[in-house]
Amino acid sequence: MRQAGRYLPEYRELRAEKGGFLELVYDSEAAAEVTLQPIRRFGFDGAILFSDILIVPHALGQDLWFEAGEGPRLAPPLVDGVWQKLGSAHHHFDPVYRTVQLSRARLDEDVTMLGFIGSPWTVATYMVAGQGSKDQGVARALAYRDPAAFQSLVDAIEAASLEYLIGQIDAGVEAVQLFDSWAGSLSPDQFERWVIAPNARLAAVIHDARPGIPVIGFPKGAGAKLPAYARETGVDAIGVDETVDPIWIASELPDNMAVQGNLDPMLLLAGGEALDTQVRKICEAFASRPHIFNLGHGINKETPIAHVEQLLGVLRS
Ligand code: CP3
């Protein structure tokens, strides 16, 4: 989760040198360097491609920039009808594929290279509102008001994301994660249509087109809907956020299903004995199934590096 984030001085330095976040993303050499930075420093088992979920709307023709201290902006916002004019610039993803190739070539063989996309619902929330929002209200209202139009937007994101995922795999990623960061804002029937259905289609096509590549689904905030997501999407592994009791979810999931998670990023920020205790509790809860230890969400940029080292000390002891 945002391994290559702002908590690393070497990241901040390279970002300042390149002039901004997107400049880094589209500079394959620099992006490969950022992908490798946390691996070099900490020796993690997996490296996640340095890019962003909003590269897909950018490829579909929306302007994209990041307002300092505020977050992403996309223009024009996709109010009624505008998405029919979305284009598709296939070569847009080429620098990211090059980043994957460079990163994979420079990683030790036993380090797994992970690719990702934002799931259609989550990406649509940004495309429709033109920015992030607390309750995804603009997208939720549109999905009720004009489901056919919203479906066509989801379909367009899904098609571009599939092309992009296959491209990442062919460039060298060994597993892919589907980030549905705003899955938690939907009512049960809307969750079925906009989260489960598109992620199930993505998982099925990836399994069919590139057999053997594991798909990790991360429906953040899904809570009680996690077991249904796990059963119905066909993903190989499920990412679990920090609000979920690891003992509960372990008892709800199919026996062999892999889990990823779910340390609270704020506990990593806080450190202390509570960190050690929770790390052990998570590992115990998931001891009888394949477990990718991870945070429940992105690392906070104020996280002391010493706390990441403390966490690794517990995991390796
Ligand atoms: O670990 C990694 O660095 C892997 C690459 C990665 C980034 N974003 C880099 C990034 C991944 C996997 C993402 C996913 C992403 N991006 C999600 C899904 C996961 C989640 O966090 O819920 C979402 C919703 C986004 C959209 C996005 N990108 C936001 C809301 C922001 C924060 C904007 C801000 O200024 O606060 C970003 C920027 C971003 N993406 C950064 C990084 C390292 C920080 C950029 C910087 O300021 O240097």
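Taken together, the values in this text are just the output of simple stated rules run on the coordinates, not laboratory data. Computed from a predicted structure; not experimentally measured. Note that each Cβ is placed from the backbone with ideal geometry, even for glycine, and that neighbours are counted across all protein chains shown.
State the extension gain, in nm to one decimal, for the chain segment bounded by Arg231 and Glu174, taking 0.36 nm per residue of separation less the distance between their alpha-carbons. Please list the in-between numbers first.
On the way: separation 57, 0.36 × 57 = 20.52 nm, distance 2.28 nm.
Extra length available between Arg231 and Glu174 comes to 18.2 nm.
Mark the label point 7 Å from the Cα of His207 along Cα→Cβ and return the residues of region 225-241 whose backbone N is within less than 11 Å of it.
Inside the label zone: 231-237.
Please order Leu60, Leu22 by the number of other Cβ within 10 Å, starting at the fewest. Mind showing how you got there, number by number?
Details: Leu60 23, Leu22 17.
Arranged by neighbour count, lowest to highest, Leu60, Leu22 become Leu22, Leu60.
Which one, Ala228, Phe116, Leu54, projects farthest toward the positive side of the charge dipole computed for region 46-239 from Cβ point charges (K/R +1, D/E -1)?
Positive-end residue among those listed: Ala228.
Within region 121-152, list the trypsin sites (Lys or Arg not before Pro) lying in a DSSP loop whose Cβ has at most 11 other Cβ atoms in a 10 Å radius. Don't skip to the end; give the middle numbers.
Details: sites: Lys134, Arg140, Arg145; in loops: Lys134.
Loop-located and lightly packed - Lys134.
Please list, ordered by chain and number, the residues whose modelled amide H lies under 5 Å from the amide H of Thr112; skip anything fewer than 5 residues away on the same chain.
Close amide H contacts, sequence-distant or interchain: Gly46, Ala47.
Mind checking which lysines have their C-alpha under 29 Å from Lys134, skipping anything on the same chain fewer than 8 residues away?
Lys85, Lys220, Lys225, Lys301
Would you look at the GNM of the chain, springs on alpha carbons closer than 10 Å, and say which of Ala156, Ala16, Ala143 moves the most?
Residue with maximal mean-square fluctuation among Ala156, Ala16, Ala143: Ala16.
DSSP loop GluC sites (Glu not before Pro) in region 44-130 with at most 14 other Cβ atoms within 10 Å of their Cβ, which ones?
On the way: sites: Glu67, Glu70, Glu109; in loops: Glu70, Glu109.
In loop regions of region 44-130 (DSSP not H, G, I, E or B), the sparsely surrounded GluC sites (Glu not before Pro) are Glu70, Glu109.
Tell me, what ³J(HN,Hα) does each residue in region 102-107 have, in order and in whole Hz, if you take phi through Karplus 6.51 cos²θ - 1.76 cosθ + 1.60 with θ = phi - 60° and put x for Gly and Pro?
Here the 3J(HN,Hα) series is 5, 5, 4, 5, 9, 7 Hz.
Based on other C-beta atoms within 10 Å, arrange Val25, Val314, Val235 from fewest to most. Don't skip to the answer; put the middle values down first.
Values: Val25 23, Val314 15, Val235 26.
Fewest to most other Cβ atoms nearby, the residues stand as Val314, Val25, Val235.
Which residues in region 1-32 have a backbone N closer than 14 Å to a point placed 7 Å from the Cα of Thr112 along the Cα-to-Cβ line?
1
When only C-alpha pairs under 8 Å and at least 6 residues apart count, what is the relative contact order of region 85-201, in percent? Walk me through the intermediate numbers first.
Details: 112 pairs, mean separation 49.2, N = 117.
Once divided by the residue count of region 85-201, the mean separation gives 42 percent.
From Cα pairs below 8 angstrom and at least 6 apart in sequence, can you work out the relative contact order of the chain, rounded to a whole percent?
Values: 524 pairs, mean separation 50.4, N = 317.
With pairs under 8 Å counted, the relative contact order is 16 percent.
Got a sec? Which residues in region 228-246 would a label at Gln190 touch, if it sits 7 Å along Cα→Cβ and we count backbone N under 16 Å?
Of the residues in region 228-246, none has backbone N under 16 Å from the label point off Gln190.
Amide H to amide H under 5 Å from Asn262: which residues, 5+ apart in sequence or cross-chain, H placed 1.01 Å off N in plane?
Asn294
Quick check for me: using +1 on Lys/Arg Cβ and -1 on Asp/Glu Cβ, what's the dipole size of region 196-256 about its Cα centre, in debye to the nearest 20?
260
Report the extension gain between Ser251 and Phe66 in nm, rounded to one decimal, defined as 0.36 nm multiplied by the number of residues separating them, less their alpha carbon distance. Intermediate values should be presented prior to the final figure.
Details: separation 185, 0.36 × 185 = 66.60 nm, distance 4.06 nm.
Length gained, Ser251 through Phe66: 62.5 nm.
For Arg289 and Met266, FRET efficiency with R0 = 25 Å and r from the beta-carbon atoms, rounded to 0.05?
Numbers: r = 26 Å, r/R0 = 1.03.
E between Met266 and Arg289, to the nearest 0.05, is 0.45.
Which FRET efficiency, nearest 0.05, do Asp155 and Lys134 yield, Cβ-Cβ r, R0 25 Å?
That pair, Asp155 with Lys134, gives E of 0.40.
Could you give the semi-axes, largest first, of the ellipsoid that matches region 48-153, computed as the square roots of 5 times the alpha carbon gyration tensor eigenvalues and rounded to whole Å? Before the final figure, lay out the partial values.
On the way: eigenvalues 173, 43, 35 Å².
Computed over region 48-153, the values are 29, 15, 13 Å.
What is the Cα convex hull volume of region 46-239 when expressed per residue in Å³? Present the calculation step by step, with values, prior to reporting the outcome.
Details: hull volume 22.9 nm³, N = 194.
About 118 Å³ per residue, rounded to a whole number.
Indicate, rounded to the nearest 5 percent, the antiparallel portion of the DSSP beta bridges found entirely in the chain. The partial results should precede the final answer.
On the way: 6 of 29 bridges.
Restricted to the chain, the bridges split so that about 20 percent are antiparallel.
If neighbour count is taken as other Cβ atoms inside 10 Å, put His297, His58 in order from fewest to most. Working shown, then result.
On the way: His297 22, His58 19.
The fewest-first ordering by Cβ neighbours comes to His58, His297.
Could you tell me the relative contact order of region 142-239? Use alpha-carbon pairs under 8 Å, at least six residues apart, and round to a whole percent. Can you show the working numbers first?
Values: 109 pairs, mean separation 29.4, N = 98.
Reported relative contact order: 30 percent.
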